[in-house]
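For reference, the structure discussed in these notes is given below.
All of the numbers you see were taken from the coordinates with simple rules; none came from a lab. Treat the numbers as computed from the prediction; the structure is a model and nothing was measured. Here the Cβ is made from the backbone with ideal geometry for all residues, glycine too, and neighbour counts use every protein chain on show.
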Amino acid sequence: MLQFLKKKWWVALPFLLIFLGLTYWLIGKIQYLLNVVDVEDYAPVSTLKVAEHHPTQAKFPFIDVHNHQFTMPIQNLEKLVNEMDELNMKVMVNLSGFRGKYLEWSLDNVNEHYGNRFVLFMNIDFEQLDDVGWPNETLLMMEEAVKQGVKGLKVYKNLGLSETDNEGNRIAVDDPRLDPIWAKCGALGIPVLIHTGEPAAFWKPKDKFNERWLELKQYPSRYKDPEKTPSFEEVMSEQHNVFRKHPETKFINAHLGWFGNDLARLGKLFDELPNVYTEIGAVLAELGRQPVTAREWLIRYQDRVLMGKDTYKKTEYYTYFRVLETSDEYFDYYRKRHAHWKMYGLALPDSVLKKIYYKNAMEVIPGIDKTLFETVGQH
């Protein structure tokens, strides 16, 4: 038998090689599986050695035109104002002023303690547009709110996506029944800060090619099913129709109008519509990943961009200062689901920073206390 195997070794050799190959592959597979790191947990520490700056205060005083303080009627504002001072934030715009008694109580609290440090925008229930008394009752409410001290109207993203009329039909952003509201804002001299739609990626398949995949995994409700939801292009087109139809009204298009990934397109909108502005709340990551393009764009449209943050958290402002003011390279954004990529500083000129930080807001939003900015330059 031994003699036979010696003569026929070449018959067994292929099977032996296959066995060894499978064993090697299996060992490698096991090693790989034991070393798996979830993308949500993967946070490599960069070995890059470059200059770093970590500003904790804005170079110039600023106005945050996009903030939400939901307990303002009963809020102790002292702690918040102290943090604002540490950031060099002179004025915060609370877009969640709501309406009616809630709005009155918010204004009372602000005026009693820090009347020049907070600006309130009101909110409207657009689903009333088929009710008896529309739009006259709402227009009177707006007039009274402005007399009480309201400086603008905030429109939430529900309009155009989920709000419906009495027939159950989606209310389009450019629904003609809303025209009196936009016109009234122009007549009252107050701006409309309007959030329409969501990032275009929310409409795309939830697969490995979607750069907002992590956010859609963590917040599945943010996915926009094309079978159930109007398309990104449809709702944005409706918004732009409103801008065109009401040239006497100033509109602040929230979140870079969701065109932060296509600044050339936003620039064309600015070129066409001089009544439109934007702000950078929750979309700083779009600017920080394209430093050359974003810097050139912000310099070109320096009169149309306002400072905004959205969700309030003191330490997150530091990343805004770092992106806007420094020339730092390859650093982290503060929220991974918004940006798995790295940030780069834009090193904007002082003249541009001043416009974004406070000058543009003072042109668009009425009644801001200019004396808060008289000492600009003393840093």
TODO: Largest first and to the nearest Å, give the Cα extent of the stretch 100-238 along each principal axis.
DONE: 52, 37, 23
Open item on the list: Taking 41 Å as R0, compute the FRET efficiency from the Cβ-Cβ separation of GLN218 and GLN128 and round it to 0.05.
Closed with: 0.75
Open item on the list: Test of understanding: in a Gaussian network model of the chain with alpha carbons linked when under 10 Å, which of GLY28, GLY197, GLY160 would top the mean-square fluctuation ranking?
Closed with: GLY28
Task: Whole-Hz couplings from phi, Karplus 6.51/-1.76/1.60, listed for the stretch 15-21; x for Gly and Pro - done: 5, 5, 5, 5, 4, 5, x
- [ ] Enumerate the amide H contacts of ASP332 below 5 Å, restricted to partners 5 or more residues apart or on another chain; note that Pro and chain-start residues carry no placed amide H.
- [x] MET343
TODO: Using the Karplus curve 6.51 cos²θ - 1.76 cosθ + 1.60 with θ = phi - 60°, work out ³J(HN,Hα) for each residue of the stretch 248-258 in order, rounded to whole Hz, and write x for Gly and Pro.
DONE: 8, 9, 8, 10, 9, 7, 4, 6, 6, x, 6
Task: Centroid-to-centroid separation of the stretch 23-83 and the stretch 302-363 [C-alpha atoms, Å] - done: 15 Å
TODO: Please sort 211-222, 15-26 by packing, taking for each peptide the average over its residues of neighbouring beta carbons within 10 angstrom, highest first.
DONE: 211-222, 15-26
- [ ] Please work out the FRET efficiency for the pair ASP350 and THR56, using the Cβ-Cβ distance as r and a Förster radius of 25 Å; give the result to the nearest 0.05.
- [x] 0.85
Open item on the list: Could you derive backbone 3J(HN,Hα) for the stretch 346-359 from the dihedral phi with the Karplus parameters 6.51, -1.76 and 1.60 (θ = phi - 60°), listing whole Hz in sequence and x where the residue is Gly or Pro?
Closed with: 9, 6, 5, x, 4, 4, 6, 4, 4, 5, 5, 6, 8, 5
Task: Helix-only mean residue ellipticity at 222 nm for the chain, each DSSP H run of n ≥ 4 adding -39500 (n - 2.57), per residue, nearest 500 - done: -11500 deg cm²/dmol
Open item on the list: I want to verify a result. In a Gaussian network model of the chain, Cα cutoff 10 Å, which of these has the top mean-square fluctuation: VAL36, VAL119, VAL93?
Closed with: VAL36
- [ ] Arrange the peptides 149-158, 267-276, 295-304, 250-259 so that the one whose residues have, on average, the most other Cβ atoms within 10 Å appears first.
- [x] 250-259, 149-158, 295-304, 267-276
Open item on the list: Need one number: nm distance between label points at MET141 and THR371, each 7 Å from Cα along Cα→Cβ, rounded to one decimal.
Closed with: 3.5 nm
- [ ] Counting only DSSP beta bridges with both residues in the chain, tell me the antiparallel percent, nearest 5.
- [x] 10 percent
